[in-house]
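> One structure, as structure tokens, below. Some questions next.
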């Protein structure tokens, strides 16, 4: 089954727009927020739940939110189903940020599409964190139908404000016993990633790999019912979200007043990409990002942003080379399952979310979703690399001269405090 074609997309957007135009401005009533009795005239495709319990939750939560529309103006909206609704501490997980939780237990992508204007867009949100799709699978919806509804949701956000950041979280793992088999979830997430290619305001966060066990299912110690995360799971989700929110400008970054040690020289100035080169860009002097946005100087960090296509490798290099023996020090923080690399005169040292993306899965000192220090010492044509004091590679050959570089492959990777000292 193929994704929705353009005429159908236009028809659905017209349907969404008509729902918006017909929204009354008066004090809301419960009737206004009831689920439509039939699918006739509704945008999207696939399941809309109408069980009594769901209709009650849908109506009660939406009626309550309508009274908060003015109060929640400009909030970061967390949008989704019971996983989002269950995150009662959303605000305390992101202190200092104005957030609004718009999760409804049991909801589907089509349900979100129907309520998008009144529950989300009417708030003129600063940004949206979106997780939806698992209940569609329980209702036997095909992944292509789910992705078709997501395409309409993202199009509505673009129509409202193409500069508004949207963080699209991948469907989290569950279980075949919950009618959410791993291969179907992976297919939905693959299609979601494909949609982001043409949506520059959308950043995809891999919340599937973040949690999945070796079988691709939800681990019972984090998802006791194999569907909903416990407090540990919400903590991991928040830790994975925070760097993305910082990069897209929805959350402030912790200030970093680091000064290189005596004898060390900064290779990245923390302000722009001056001193670096990138294929296709004539000069990066004074520029905060490459022309395609794959590398950005943000919050004192050189950020490798989330790629929008699979295996679209990109590299950025220092304009200078390093012919003498040297020591390179830096820190990196990886988003879930991210894959990047540090080039030492050209050969690559894999820099990844090691426990999920490999290859150094047995490291004892690696800190997921946190800052890690890498030290590379180059002497006599051999490089020795450590992470947090633990050996990564003992001696790998490097050329006699060459630049330092970083690779963009998958996920977000942040580098900071990049500095070099020549060795005597």
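The values are calculated or read from the model by the stated rules, or taken from the named source; none is laboratory data. None of these values were measured; they are calculated from a predicted model. Note that we place each Cβ from the backbone using ideal geometry, even for glycine, and neighbour counts take in every protein chain shown.
> For the stretch 276-293, which positions are surrounded by fewer than 20 Cβ atoms within 10 Å (Cβ to Cβ) and in contact with a strand residue (DSSP E or B) (Cβ under 6 Å, 6 or more places away or on another chain)?
Correct list: 277, 288, 289, 291.
> Something else now. Within the bounds of the stretch 209-225, is there any residue that is under 28 Å from residue 98 (Cα atoms) and either touching a strand residue (DSSP E or B) at 6+ places or on another chain (Cβ under 6 Å) or in a helix (DSSP H, G or I) (or both)?
Taking every residue of the stretch 209-225 in turn, none turns out to be under 28 Å from residue 98 (Cα atoms) and either touching a strand residue (DSSP E or B) at 6+ places or on another chain (Cβ under 6 Å) or in a helix (DSSP H, G or I) (or both).
> Turning to a different aspect of this structure: Which residue out of 245, 227, 241 is touching a helix residue (DSSP H, G or I) at 6+ places or on another chain (Cβ under 6 Å) and either crowded, with 21+ Cβ neighbours inside 10 Å or under 17 Å from residue 82 (Cβ atoms) (or both)?
Step by step, each of 245, 227, 241 is checked, and only 227 is touching a helix residue (DSSP H, G or I) at 6+ places or on another chain (Cβ under 6 Å) and either crowded, with 21+ Cβ neighbours inside 10 Å or under 17 Å from residue 82 (Cβ atoms) (or both).
> Being crowded, with 24+ Cβ neighbours inside 10 Å and either over 20 Å from the mean Cα position of the chain (by Cα) or not assigned by TED's automatic domain parsing to the domain that holds residue 110 (or both) is the filter here, so list the residues in the stretch 158-187 that pass it.
Result: 180, single match.
> When you scan the stretch 312-344, how many residues do you find that are assigned to a loop (DSSP other than H, G, I, E, B) and either at pLDDT below 95 or under 13 Å from residue 385 (Cβ atoms) (or both)?
Final tally of qualifying residues: 2.
> Oh, and also: Since residue 91 meets every condition but one in (1) at pLDDT 95 or above; (2) assigned to a helix (DSSP H, G or I); (3) under 20 Å from the mean Cα position of the chain (by Cα), which condition does it not meet?
Residue 91 satisfies every listed condition except (1).
> Filter the stretch 284-306 down to the residues that are in a loop (DSSP other than H, G, I, E, B) and within 16 Å of the chain's Cα centre (by Cα), then identify the one that is farthest from residue 340 (Cα to Cα).
293
> Let me ask you something else. Consider residue 309 against the criteria (1) closer than 23 Å to residue 370 by Cα; (2) within 27 Å of the chain's Cα centre (by Cα); (3) part of a loop (DSSP other than H, G, I, E, B): it satisfies all of them except one. Which criterion is unmet?
(1)
> Within the stretch 69-81, can one find any residue that is over 21 Å from residue 131 (Cα atoms) and either touching a strand residue (DSSP E or B) at 6+ places or on another chain (Cβ under 8 Å) or surrounded by 15 or more Cβ atoms within 10 Å (Cβ to Cβ) (or both)?
yes
> Answer with yes or no whether residue 154 is in contact with a strand residue (DSSP E or B) (Cβ under 7 Å, 6 or more places away or on another chain) and part of a helix (DSSP H, G or I).
Considered against the rule, which asks whether it is in contact with a strand residue (DSSP E or B) (Cβ under 7 Å, 6 or more places away or on another chain) and part of a helix (DSSP H, G or I), residue 154 comes out as yes.
> A further question follows. Take the stretch 121-137 and flag every residue that is assigned to a loop (DSSP other than H, G, I, E, B), surrounded by fewer than 24 Cβ atoms within 10 Å (Cβ to Cβ) and in contact with a helix residue (DSSP H, G or I) (Cβ under 9 Å, 6 or more places away or on another chain).
The one that is assigned to a loop (DSSP other than H, G, I, E, B), surrounded by fewer than 24 Cβ atoms within 10 Å (Cβ to Cβ) and in contact with a helix residue (DSSP H, G or I) (Cβ under 9 Å, 6 or more places away or on another chain): 124.
> I need the full set of residues from the stretch 370-392 which are surrounded by fewer than 16 Cβ atoms within 10 Å (Cβ to Cβ) and assigned to a strand (DSSP E or B), in order please.
373, 375, 379, 382, 390, 391
> Look at residue 155 and say whether it is within 15 Å of residue 43 (Cβ to Cβ), assigned by TED's automatic domain parsing to the domain that holds residue 221 and either buried (at least 22 other Cβ atoms within 10 Å of the Cβ) or touching a helix residue (DSSP H, G or I) at 6+ places or on another chain (Cβ under 9 Å) (or both).
Against the criterion (within 15 Å of residue 43 (Cβ to Cβ), assigned by TED's automatic domain parsing to the domain that holds residue 221 and either buried (at least 22 other Cβ atoms within 10 Å of the Cβ) or touching a helix residue (DSSP H, G or I) at 6+ places or on another chain (Cβ under 9 Å) (or both)), residue 155 qualifies.
> Report, by residue number, each residue of the stretch 270-283 that is without any contact (Cβ under 8 Å) to a residue 24 or more places away in the chain and in a loop (DSSP other than H, G, I, E, B).
Across the stretch 270-283, the qualifying residues are 274, 280, 282, 283.
> Have a look at 367, 352, 417 and point out the one that is surrounded by fewer than 16 Cβ atoms within 10 Å (Cβ to Cβ), within 25 Å of the chain's Cα centre (by Cα) and modelled with pLDDT of 95 or more.
After applying the criteria, what remains is 367.
> I'd like to check something: does the stretch 94-110 contain any residue that is part of a helix (DSSP H, G or I), assigned by TED's automatic domain parsing to the domain that holds residue 176 and in contact with a strand residue (DSSP E or B) (Cβ under 9 Å, 6 or more places away or on another chain)?
no
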